[in-house]
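Visitor: Below you'll find the structure I mean.
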Amino acid sequence: MAEPENIWSIIGKITVALLAVVIGLKLIKSNKDPMLINAEERQLPTAETRKKKYSIFLSSTYVDFKDVRQEIEEILHNAGYIVNGMEYFNASNSSKLDYIESQLEESDCLLLIVGNRYGQLIPDKAISYTEYEFDYADNNNMPILGFVVKDLEDEDNIPENRHKLTIFKEKIEKRMTVHCTKDELCKMIPVSLNNEISRTPMRGWSRNE
């Protein structure tokens, strides 16, 4: 007759095996890759994406977001992202539009933040820089994360611009758009970026390239 401790050892092994079968069946039923289940549930990038740095183009109007843009940039830098945006425009022979286009082409994702202002119009064009950035990214099939901030008190004091802003918001809300408060913005951006990187192939950059 087997020793009591050997019997309990066998029972333990059988229990572990049964649990493994049950978990495996659940993963198959949910169509989830067992290697990715933890990353998906915790909303973190997979091991492969962590090997790369991603470039984010930060697009927003300035007046209503000047106090949070710096905080957002700091959060992104600390998380290992490369940040592009109009703050980094330097006087050169290039026009602002040329600079915007070149920076968008070097970026992996457009991070768009929209509030209650339409933004500065491009000279000789009936469109704002912010909407131009969105259109250029959209036309070039860039991943776009849109945030509409809903608790701002400032509003555009130009009626025509308010109308353009309404149409612009309707345009971006046809894509994946997050509605949030200004206080929620900095908390939601890293999670949304991690999710986007996990589900959308991006070029990125690594030291080996």
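The values are calculated or read from the model by the stated rules, or taken from the named source; none is laboratory data. Source: prediction; values computed, not measured. For neighbour counting, all protein chains shown are included, and Cβ atoms are generated from backbone atoms with ideal geometry for every residue, glycine included.
Visitor: Would you check if Leu145 is under 13 Å from Val114 (Cβ atoms), in the same structural domain as Lys125 (by TED's automatic domain parsing), surrounded by 12 or more Cβ atoms within 10 Å (Cβ to Cβ) and over 10 Å from the mean Cα position of the chain (by Cα)?
Guide: When the stated conditions are applied, Leu145 does not pass them.
Visitor: Answer yes or no: is there a residue in the stretch 179-202 that is of a type in the set (A, V, I, L, M), in contact with a Gly (Cβ under 7 Å, 6 or more places away or on another chain) and not in a helix (DSSP H, G or I). If you could, list the steps in order and put the result at the bottom.
Guide: Pass one, the stretch 179-202, residues of a type in the set (A, V, I, L, M): 185, 188-189, 191, 193, 197, 202.
Among the residues that remain, those that are also in contact with a Gly (Cβ under 7 Å, 6 or more places away or on another chain) are: none.
No; the residues of the stretch 179-202 include none that is of a type in the set (A, V, I, L, M), in contact with a Gly (Cβ under 7 Å, 6 or more places away or on another chain) and not in a helix (DSSP H, G or I).
Visitor: Do we find a residue being among the acidic types (Asp, Glu), at pLDDT below 90 and surrounded by fewer than 16 Cβ atoms within 10 Å (Cβ to Cβ) anywhere in the stretch 180-191? First the steps, then the outcome.
Guide: Step one: of the stretch 180-191, the residues among the acidic types (Asp, Glu) are 183-184.
Retained after the next criterion (residues that are at pLDDT below 90): 183.
Add one more test, that the residue is surrounded by fewer than 16 Cβ atoms within 10 Å (Cβ to Cβ), and what stays is 183.
Yes, the stretch 180-191 has at least one match.
Visitor: Separate question: For the list (1) at pLDDT 80 or above; (2) surrounded by fewer than 18 Cβ atoms within 10 Å (Cβ to Cβ); (3) of a type in the set (A, V, I, L, M), I need the number of the one condition that Leu44 fails.
Guide: All conditions are met except number (1).
Visitor: Out of everything in the stretch 64-80 that is aliphatic (A, V, I, L, M) and within 18 Å of Gly146 (Cα to Cα), what residue ends up being surrounded by the most Cβ atoms within 10 Å (Cβ to Cβ)?
Guide: We begin by selecting, within the stretch 64-80, every residue aliphatic (A, V, I, L, M); these are 68, 72, 75-76, 79.
Filter once more, so that each one left must be within 18 Å of Gly146 (Cα to Cα): 68, 72, 75-76.
Details: Val68: 18, Ile72: 22, Ile75: 18, Leu76: 20.
Taking the candidates together, the pick is Ile72.
Visitor: Please go through (1) touching a Pro at 6+ places or on another chain (Cβ under 6 Å); (2) at pLDDT 90 or above for Leu112 and return the number of the only condition it doesn't satisfy.
Guide: (1)
Visitor: Follow-up question, since we're still on this one. Please identify the pairs in which a residue from the stretch 94-121 that is on the phi > 0 side of the Ramachandran plot has its Cβ atom under 6 Å from the Cβ atom of a residue that is small (Gly, Ala, Ser) and crowded, with 16+ Cβ neighbours inside 10 Å, counting only partners at least 6 apart or on another chain.
Guide: Gly119/Ser128
Visitor: May I ask you to verify whether Val83 is of a type outside the set (Asp, Glu), closer than 18 Å to Leu145 by Cα and modelled with pLDDT of 50 or more?
Guide: Working: of a type outside the set (Asp, Glu): yes; closer than 18 Å to Leu145 by Cα: yes; modelled with pLDDT of 50 or more: yes.
In short, yes.
Visitor: Okay, moving on. Considering only the stretch 49-67, state which residues are closer than 20 Å to Glu131 by Cβ and in contact (Cβ under 8 Å) with a residue 24 or more places away in the chain. Lay out the reasoning, then the answer.
Guide: First, the residues of the stretch 49-67 that are closer than 20 Å to Glu131 by Cβ: 56-66.
Of everything in the stretch 49-67, those that are closer than 20 Å to Glu131 by Cβ and in contact (Cβ under 8 Å) with a residue 24 or more places away in the chain turn out to be Ile56, Phe57, Leu58, Ser59, Ser60, Thr61, Tyr62, Val63, Asp64, Phe65.
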